[in-house]
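First up is the structure itself, then whatever we jot down about it.
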Amino acid sequence: ARCDRRMLQQALTNLLLNAADAVEMRENRDEAGMITLRVESGAEEVRLSVIDNGLGLPDDRTQLMEPYVTHKPKGTGLGLAIVKKIMEDHGGKIELEDRADGHGAVATLILPADEAAEAALSPPLPAAASAAASPSAQVPHGA
């Protein structure tokens, strides 16, 4: 199966933008906003998780990945629907869950190991995106 690196970058970018929006909309601004990118690689799959301490996921999650469903004041409702489609096209999936401590969300892209390996062999990321290639990177956001 072929892997479209640009589409996977789009999926990850959409998740990072959602995390940034969630951090901006959070109620407790005493704590610094934080977005963490975690990469886990196993024999069967590769997991890219975007973890934030933002607003968190809504109680009703049944339609979160449907087109035009949004919980953001200026959202289009297309971001997660696009991510879901990209992941399905690559034999993968997306999982959304609450952070273990209850403050924020975890959005995880899950790819079969062979698809992820093919993406790694694609041309290099632009310089600005290469920082996200480390196994875990934390980025402070909006103090």
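Among the lysines, which fall within straight-line cross-link reach of residue 74, defined as a Cα-Cα distance under 24 Å, with same-chain neighbours fewer than 8 residues apart omitted?
Correct list for residue 74: 84, 85.
Between residue 17 and residue 62, 0.36 nm times their residue separation minus their Cα-Cα distance comes to what?
14.1 nm
Would you please give the FRET efficiency between residue 4 and residue 113, computed as 1/(1 + (r/R0)^6) with r the Cβ-Cβ distance and R0 = 22 Å, to the nearest 0.05?
E(calc), rounded to 0.05, equals 0.85.
Where a number appears in this text, it was derived from the coordinates with a stated rule and is not lab data. From a predicted model like this one, the values you see are computed outputs, not experimental measurements. Note that each Cβ is placed from the backbone with ideal geometry, even for glycine, and that neighbours are counted across all protein chains shown.
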